[in-house]
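We did not get these values from a lab; they are worked out from the coordinates using the rules stated. All figures in this text were calculated on a predicted structure; none of them were measured in a lab. Here Cβ is always computed from backbone atoms with ideal geometry, including for glycine, and neighbour counts include all displayed protein chains.
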Amino acid sequence: MNQVQTTDEMISELSDDAKIVLIKMGIDWKNMTGNSCSWVANELLVSLLKIENSWTINSLKKFSKCGRAGIQWGFMPKFKEYNLVVKDEEASRRYVCWKLSDVGREVLTIMLSSCTECENTGICRNCNGTGVPVVGENCNHTLWTDCKRCNKDGKDSDGDPCWYCVGPKQTCTTCNNTGYRKCGWCCSYSSLDDDKGKCTHCNIGNLQIIKD
């Protein structure tokens, strides 16, 4: 398995032109591109690296399955400003066609593969991959033996599990019966145990998607 490069290592391998652009616009530009209607999804950026030919705004919208507002008002102004996308003079006829410049491809690749939250380790830095914060917060769940909403048996009046306590042989979904709340940066946002301790901001999988 190839060792994952850190953000600094990837930046050091960029061309000088690409480094200058990154300094100016920042890797996290997509989090600051206007309001929600012009938000730029990772799916759009991944699609750009997959497209072999030039494209129009409409064809990019269809190929990426992303909203037009994010393309026209979020992505295009910033990428045109730094010459990361350029007009394809030969392909442009009735409609204007665009394509990624060489620098644009460099910058886009690092934007999709670099995670400043975990330095590309893929591990949640708030819990060190354990799923429980380093400084644990006590869970305030109530056991059936202490519940004042049921008959201290974990059952409501209809005989169904009580909503207000953790009944016999049940597991608290907030702390997994550890007594400490799960990490709010990774596993608590997902019902999948496989996501426990994983960095939710991480883009490591994007380059594999592009290669596929």
Give the cross-link partners of Lys80 among the lysines, using a straight C-alpha distance below 28 Å as the criterion and excluding same-chain residues fewer than 8 apart.
Lys19, Lys24, Lys30, Lys50, Lys61, Lys62, Lys65, Lys99, Lys211
Please compute the net charge surrounding Asp88, taking Lys and Arg as +1 and Asp and Glu as -1 over other residues with Cβ under 15 Å from its Cβ.
+2
Pull up all non-local amide H partners of Leu143: gap of 5 or more, or a different chain, and H-to-H distance under 5 Å with H placed in the peptide plane.
Val166
What nm value, rounded to one decimal, do you get for the distance between Leu143 and Met10 when each label is placed 7 Å out toward the C-beta?
4.7
As an exercise, identify the trypsin sites (Lys or Arg not before Pro) in the range 126-166 lying in DSSP coil whose Cβ has no more than 10 other Cβ atoms within 10 Å.
Lys148
Select from the range 38-118 those chymotrypsin sites (Phe, Trp or Tyr not before Pro) which occupy a DSSP coil region and have at most 13 other Cβ atoms within 10 Å, ordered by residue number.
Tyr95
Taking the Cα centre of the range 10-168 as origin and charging only Cβ (+1 Lys, Arg; -1 Asp, Glu), how large is the dipole, in debye to the nearest 20?
680
Give the dimensionless ratio obtained when the Cα radius of gyration of the range 48-177 is divided by 2.2 N^0.38 Å.
1.91
Would you list, by chain and number, the lysines whose Cα falls below 24 Å from the Cα of Lys152, excluding same-chain residues fewer than 8 positions away?
Lys169
Apply the Karplus parameterisation 6.51 cos²θ - 1.76 cosθ + 1.60, with θ equal to phi minus 60°, to every residue of the range 86-100 and state each ³J(HN,Hα) to the nearest whole Hz, in sequence, with x for glycine and proline.
10, 6, 8, 4, 5, 7, 6, 10, 5, 10, 6, 10, 10, 8, 6
Select from the range 106-175 those chymotrypsin sites (Phe, Trp or Tyr not before Pro) which occupy a DSSP coil region and have at most 10 other Cβ atoms within 10 Å, ordered by residue number.
Trp163
